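Have a look at the structure below, then the notes.
Where a number appears in this text, it was derived from the coordinates with a stated rule and is not lab data. These figures come from a predicted structure and were not determined experimentally. Cβ sites come from the backbone with ideal geometry, for glycine too, and all protein chains shown count toward neighbours.
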Amino acid sequence: MDKTRTPSLFPQRKKQKGMHPAVSLSSCKVKFNELVIFIMERKMGVTRRTFLTQLARRKGFRVENELSDSVTHIVAENNSYAEVLEWLRGHKMRDSSRFKLLDISWFTACMEAGKPVDSEKKYQLIVQQTYPATSYTPELETSSFVAGRVSQYACQRRTTLNNCNKKFTDAFEILAGNYEFKENAVLCLAFMRAASVLKSLPFTILRMHDLEGLPCMGDEIRAVIEEIIDEGESSRVKDVLTDGRYQSFKEFSSVFGVGLKTSEKWYRMGFRTLEDVKADKTLKLSRMQKAGFLHYEDLISYVSKVEADAVSVIVEDAVRTFLPDALVTITGGFRRGKKIGHDVDFLITSPELREEEEVLHRGVLLYYDLVESTFEQAKLPSRKVDAFDHYQKCFAILKCPQQRVDTSNCDTSKESEKAKAKAWKAIRVDLVVSPFEQYAYALLGWTGSRQFERDLRRYATHERKMMLDNHALYDKTKRIFLKAKSEDEIFAYLGLDYLEPWERNA
Ligand code: DCT
Ligand code: MG
């Protein structure tokens with residue numbers, strides 16, 4: 001179960017009134033004199049507040065109905081630090097330092113323990129004051145943060161591109177990449193998950209204490225963080241970056257069409273660099289790899305937003321020639337607000353969609369690898385969190401007119417001179433065609449990030465007994481497919497708060 005949710009022991013709304021006889025202050029013996037609790041009704045409602053008050057009193061806690069001078073602990077639910085302060089000001093309480101301002105999770109922990117638990121940092125409503133100058137954003141100043149409430153699922157965390165912990169997440173991603181090259185899926189995932197958690201934090205980790213209460217922070221992860229805090233860098237990351245095998249795999253897999261299997265094969269054959277590979281004229285390359293080598297320089301340089309927009313125009317024009325009412329949507333990183341990407345992803349649909357194959361048409365494509373649709377109606381969603389979908393899709397390289405940017409006083413190297421001379425740039429484009437009824441699922445699946453998608457499926461399976469993939473959502477309890485017209489509806493079926501695309505950068 002998701003540990004961050006309030007246990008069902010404390011219902012959000014008590015339906016039957018009078019289940020517990022009213023407990024007055026005098027009828028319960030106070031066992032814990034050292035603290036006096038006040039529960040804020042704001043956003044909680046009177047019924048739930050009464051229920052919690054009575055529960056605490058029965059367990060020997062002193063809970064005041066009014067915000068009197070004797071109160072030491074204020075408990076709030078779904079209120080940010082700023083909201084609590086505002087509320088206190090409205091009640092003529094200017095000095096909030098007199099109280100501990102605590103999240104409901106502290107109260108829950110006390111009830112479970114049957115005694116006061118330490119009001120440690122993870123339960124406190126606080127203003128994060130640890131932003132370094134570079135990542136400080138004023139809107140975060142007023143937000144509240146409760147570490148114990150950070151979900152283990154990326155789909156329950158709002159993750160924007162404002163990463164305050166890049167120093168750590170970059171290191172984790174290098175280590176995860178190395179574990180992937182070594183086919184150690186468990187450690188690869190552990191580092192990816194930890195990176196994803198840190199990306200969602202509204203503050204920078206400055207000391208080990210800051211990790212308290214956060215999910216996915218195992219011993220290996222902590223050791224790396226500790227070293228970076230103490231030494232400024234990780235010796236493990238340094239070792240990986242200077243490791244010959246890692247360097248070769250990194251170089252090999254930078255070629256379009258080269259994955260883990262080919263990298264391994266080339267390494268086993270004694271190749272160490274792409275120059276070695278190219279020098280072997282007997283080596284058989286796939287069509288994709290040949291295109292990858294041919295357009296290598298263009299493809300390893302990032303695609304900018306300006307270029308992505310230009311590609312959009314080309315793709316839309318091309319698709320509309322065949323399907324005048326087609327809906328062409330940018331997905332992937334650009335939909336999540338990224339300014340650069342390794343490719344541009346598109347989802348294409350139309351209420352009129354019949355002959356799909358016409359959509360994925362040649363014309364402007366320098367290379368394309370067409371994958372026909374393999375979708376079967378009424379087939380259950382895949383169980384695998386990383387499974388690929390069955391849409392007709394096309395991994396293509398598109399010939400895109402160079403987007404002129406003023407580089408007059410920048411780079412004058414030979415390479416850039418060569419690039420300027422070329423009127424076009426090769427850009428990797430993924431085109432996916434979905435039937436109109438599956439559009440919402442396809443959009444959600446192709447927007448990413450990968451970690452977000454993995455956790456969304458994991459969440460559906462483990463928390464909701466549902467099966468989700470890029471085509472459908474299946475409720476195993478009710479044994480029905482849930483139809484959705486928008487991403488909103490899918491979040492709602494899963495009982496999740498809606499996350500905007502730019503909050504899915506997990
Ligand atoms: N996707 C996924 N699982 C995969 C591959 C992709 O769920 N194994 C989804 C999530 C992102 C989307 O498809 C597009 O994939 P990429 O282009 O690889 O990712 P991106 O987020 O767009 O990253 P980049 O900016 O590097 O293109
Ligand atoms: Mg992409």
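Remark: segment 420-505 carries a charge dipole of roughly 460 debye about the Cα centre, counting +1 on each Lys and Arg Cβ and -1 on each Asp and Glu Cβ. Here's the list of aspartates and glutamates a cross-link from LYS167 could span, going by alpha-carbon distance under 20 Å and ignoring same-chain residues fewer than 8 apart: ASP210, GLU212, ASP219, GLU220, GLU226, GLU227, ASP230, GLU231, GLU233, ASP239. Length available on full extension from LYS43 to LEU285: 0.36 nm per residue minus the Cα-Cα distance, which gives 80.9 nm. Approximating the spin labels as points 7 Å out from Cα along Cα→Cβ, the VAL30-to-HIS209 distance works out to 3.0 nm.
A simple packing score, the average count of other Cβ atoms within 10 Å per residue, orders the peptides 257-264, 100-107, 54-61 as 100-107, 54-61, 257-264, with the highest score first. Candidate cross-link partners of LYS483 among the lysines, defined by an alpha-carbon separation under 19 Å and a same-chain spacing of 8 or more, comprise LYS379, LYS465.
Take the eigenvalues of the Cα gyration tensor for segment 186-253, scale each by 5, and report the square roots as semi-axes in whole Å, largest first.
25, 15, 10
Between SER96 and SER486, full extension at 0.36 nm per residue minus the direct alpha carbon distance yields a gain of 136.1 nm. Full extension of the chain segment joining LEU380 with GLN247 gains 43.8 nm, where the gain is 0.36 nm per residue of separation less the Cα-Cα distance. Calculated FRET efficiency, ASP309 to GLU500, Cβ-Cβ distance, R0 = 25 Å: about 0.80 to the nearest 0.05. Counting only residues at least eight positions apart within a chain, or on another chain, the lysines with an alpha carbon under 18 Å from that of LYS121 are LYS3, LYS100. When a/c reaches 1.5 or more, the comparison of a/b and b/c decides; with that in mind, is segment 420-464 rounded, prolate or oblate per its Cα gyration tensor? It comes out oblate by the Cα gyration axes. Summarising the label geometry, the points placed 7 Å from Cα in the beta-carbon direction at ARG272 and VAL186 lie 3.3 nm from one another.
Annotation for ARG158 and ASP219: the two label points, set 7 Å from Cα along the Cα-Cβ direction, are 3.7 nm apart.
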